[in-house]
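Here's the structure we're looking at; comments come further down.
The values are calculated or read from the model by the stated rules, or taken from the named source; none is laboratory data. Note that this is a predicted model, so its numbers are computed, not measured. Positions of Cβ are backbone-derived with ideal geometry, glycine not excepted, and every protein chain shown enters the neighbour counts.
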Amino acid sequence: MPHSDHSRSPSLAIETFADIPPFPDTVPTAPLLRISLQKLLQRDLEEEERCWKACCDLGFFYLDLRTSENENRVNGQGLLKDADELFEVMKGFFDLSVREKVKYDFADQGSYFGYKGYGSGIIDKKGTRDKNEFYNISKDDILGLSSCLPSPDALNSHRELYKRYIHSGHAICMLVAHLLSSRLPLICSAKQNGGLKSLHRLDSKSGDQIRFVKAPPQEQDLKGVALGEHTDFGSVTVLFNRLGGLQVRLPNYIEPIPPVSTGKTEGLGVENELCKDGWAYVKPLPGHCIVNLGDALVKFSEGKLRSNIHRVVAPPGEQGSVTRYSLVYFCRPEDDVRLRSLVGDSDGEDEGATAKEWILRRALGRRKADGWEGSNGTENVSMRSGRK
Ligand SMILES: O=C(O)CCC(=O)C(=O)O
Ligand SMILES: [Fe+2]
């Protein structure tokens, strides 16, 4: 199994989060490579090769942020600390009444920033309602590149924290973009213009955002999908979660890591059901974020890079009794960048949707009962030589 990374697993003691039930060892998990930020910052060639491979094979990897090295804005320990604080901020917000929160839902005004209530998105083509709520904070709003959207006091008082998180989240994404630019056969014009990084300048308008997600416990027998299967819309995503529930649909050339303990699988009937068709859980790891690639990189690389399908289901086993929170930074191309091939023989001609059009179509489509088909991304490419 080429994607396997078992030899690098540290002891179990540092693999669990305090104060929440442990992730069960009775479910299959996805073999995400563990990439060390420290080594990437030291320009370790072997680590760069592993990261490149992870981006081509699965499009998902763990990034170990426990580093003593700081470079420009890349500060792994600082990012971990800020992520911890943001988990507390989001809890404060989600504790507000629904009446208060819906004041910040701007979907009717054509914006995907702000609040999305529980059940107001869809998870499939039948229009089944989702089982989570989220809040999207615009990078442009926080950095003063666009006008400020109204937001509740519980969130307003933390703008400095968002700013720091945006800078460090974006810096991680640019480290990945730089590595990918050096390996992709980019066309001359793209190379001369500075590669992928030059399409993601922090001070240019883009759909970059922070997302807070909350999914309450589901009844054991009815455990199911909270956030429907999707590929991410943008370029690179940085994700923090503590409870399991995130699942990736593995391509058929990557085997899941089988459950460690097979004796206890009875009673996990629902979890077993949720692992059919190649779905495998991503086990959250303390000290790490999860990095995954989005549609824009599939378009730029003509499918060489992978934007893997993923979804969120109820946390497995005992974890299912706890409310699940997650924190995301989505890095996306600047608004007017066209999503088209930048590799091989292509001449970078003026076609393809702009990043802004692409994101609006995808994000707002998933808010309409009949919006599923019209809001697809690169799922077909993602499932190339994968499971149908
Ligand atoms: O909550 C998670 O673990 C993943 C969330 C996600 O995939 C998304 O918001 O796009
Ligand atoms: Fe996602």
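Below are the figures for this structure:
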item: Leading residue by the ranking (farthest from ligand 1 (Cβ to nearest atom)) among those in segment 226-264 that are assigned to a loop (DSSP other than H, G, I, E, B) and among the hydrophobic types (A, V, I, L, M, F, W, C); result: Val260
item: Segment 166-186 residues that are closer than 13 Å to His200 by Cα, paired with ones that are among the hydroxyl-bearing types (Ser, Thr, Tyr) and buried (at least 22 other Cβ atoms within 10 Å of the Cβ) (beta carbon under 6 Å, 6 or more apart); result: Gly169/Tyr329
item: Verdict on Val89 being within 22 Å of the chain's Cα centre (by Cα) and under 21 Å from Ile35 (Cα atoms); result: no
item: In segment 272-297, the residues that are within 16 Å of ligand 2 (Cβ to nearest atom) and over 15 Å from the mean Cα position of the chain (by Cα); result: Trp279, Ala280
item: Filter result (in contact with a helix residue (DSSP H, G or I) (Cβ under 7 Å, 6 or more places away or on another chain) and not hydrophobic (A, V, I, L, M, F, W, C)) within segment 278-294; result: Pro286, Gly287
item: So Asp140, is it within 16 Å of ligand 2 (Cβ to nearest atom) and among the acidic types (Asp, Glu); result: no
item: Segment 289-317 residues that are under 30 Å from Phe17 (Cβ atoms) and modelled with pLDDT of 95 or more, paired with ones that are near ligand 1 (Cβ under 10 Å from one of its atoms) and assigned to a helix (DSSP H, G or I) (beta carbon under 7 Å, 6 or more apart); result: none
item: Restricting segment 210-225 to residues that are outside any loop (DSSP other than H, G, I, E, B) and either among the charged types (D, E, K, R) or within 16 Å of ligand 1 (Cβ to nearest atom) (or both), the residue that is modelled with the lowest pLDDT; result: Asp221
item: Qualifying residue in segment 199-209 (condition: away from ligand 2 (no atom under 16 Å from the Cβ), among the aliphatic types (A, V, I, L, M) and assigned to a loop (DSSP other than H, G, I, E, B)); result: yes
